[in-house]
Amino acid sequence: MTLKLILLSATLFFSSSKDKADKIIVGNPCSNDHPFGSTVTCTCYEEDYGNNLARQKYDLYLPDGFTNRPIVIYIHGGGFTGGHKRKFMNPANNIAQVAAFLDAGYAVASLEYRLLNTSNETVGLRKCIQDCKDAIADIRNLPSSYGIDPDRIALWGSSAGAGIAMLIAFEDNTVNRPYKAVWVDIPQATYDINKWQGGLGVFPDCNLTNIISILTPTKVKSIYGLGTATISNIPAFLSMTQSYRAEVDIIQYIDNTDPPVWIENKAAQNNQTLGNCPSSKDVLNHHKNHCLKLKNKLAAQNVEWHLRLKDVASNTIVTIHSQGAGNWNSGVEFVKDKLN
């Protein structure tokens, strides 16, 4: 059956209580029955969720011939101001990773969510996180005819998407425990930027004035939904954002109920040794120090972790694992093992 230019109603094709349509994805990457070069044929849908706003959508890829499939849910990065649900096609190696999940019979979804306004943002990260929670709830409530197991989920995210994935898995995993694995690429350790500074912070040689200057006051205000407020007074800024910062502090949610986590950061600039506060926004956002903070907190809470970093001196990728855990060499193999 060709997937091109077809529109099917859920009420015609599926027995569903959801009053909405399922749209066959046309064009790249579902212009044929083998998205991402998968060896199995797939059916591909674009679904709405939430209030049907422009970015409240997700793509869904279902390998044909499988029932009760586990699902890998991808959350894109982009600094909360960019990116889209097709972003896991870039870098190109993600295409092979998605194909590997489809070939194993796993469903794959890629979420789109509302982005922060570049000025006068009044809601902040809450809307990005809530959108992804709503999308996941929508996926878990799909009719059984989709053949998805709602209690075997792996979350996979990059940068901003990695942070959202961890916040959802670490905060929500006590509810039915659906999350069996989390794979995060170039993550941040927390969105409480007060924990990025100083001796016990992510960057011992940074202070909050440095960090706000590098990220830019406009971006920091957008993160916490501060609109047109001024943040030149650091004590006032910390007081004003105290409850919000705690709400988006990833590491404070980590406890021994959390699923295993694969942490990956392979770019050389992110793995360099720092002698002072980074001057680059990209390094500040993505340095391996974030990975190490996450690993240390996971270890302290006896949560299984795997850490894959680039050794800059030898130009090799080094993977270490928590004691007693499997010795996988890729996030794909880790996720597949945890979902089986």
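The values are calculated or read from the model by the stated rules, or taken from the named source; none is laboratory data. Please read these numbers as outputs of a predicted model, since none were measured by experiment. Don't worry about glycine lacking a Cβ; one is built from the backbone with ideal geometry, like all the others, and counts go over all protein chains shown. We work out accessible area using only protein heavy atoms, side chains counted, and drop any ligands, DNA or RNA first. Shrake-Rupley method; radii C 1.70, N 1.55, O 1.52, S 1.80 Å.
Key figures for this structure:
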item: Crossing angle, helix 160-172 versus the chain [Cα axis fit, 0-90 degrees, rounded to tens]; result: 80 degrees
item: Between the stretch 140-167 and the stretch 229-253, the Cα center-to-center distance that results, in Å; result: 28 Å
item: Ranking by accessible area, most exposed first, for 126, 245 with a 1.4 Å probe; result: 126, 245
item: Global form of the stretch 239-296, assessed from the alpha-carbon gyration tensor, a/c cut-off 1.5; result: oblate
item: Computed label-point distance, nm, for sites residue 269 and residue 84 using a 7 Å Cα→Cβ extension; result: 2.4 nm
item: Accessible area (Å², 1.4 Å probe, nearest 10) - residue 103; result: 60 Å²
item: Which listed pairs, of 85/195; 127/221; 87/127; 195/281; 133/266, have C-alpha distances above 22 Å, in listed order; result: 85/195; 133/266
item: Three-way shape call for the stretch 169-309 based on the alpha-carbon gyration tensor, with the a/c threshold at 1.5; result: oblate
item: Helix-only [θ]222 nm of the chain, DSSP H runs n ≥ 4, -39500 (n - 2.57) each, per residue, nearest 500; result: -8500 deg cm²/dmol
item: Cross-link reach list, aspartates and glutamates versus residue 288, counting only Cα pairs under 19 Å and skipping chain neighbours closer than eight places; result: 185, 192, 205, 249, 264, 304, 311
item: Cα gyration tensor, the stretch 94-140 - rounded (a/c under 1.5), prolate or oblate; result: oblate
item: Solvent-accessible heavy-atom area per residue, rounded to whole Å², over the chain at 1.4 Å; result: 42 Å²
item: Residue-count net charge about residue 86 - beta-carbon cut-off 14 Å; Lys, Arg +1, Asp, Glu -1; result: +1
item: The chain, accessible surface, carbon-and-sulfur percent (1.4 angstrom probe); result: 49 percent
item: Most fluctuating residue given options 213, 158, 110, as computed from a GNM of the chain linking Cα atoms under 10 Å; result: 213
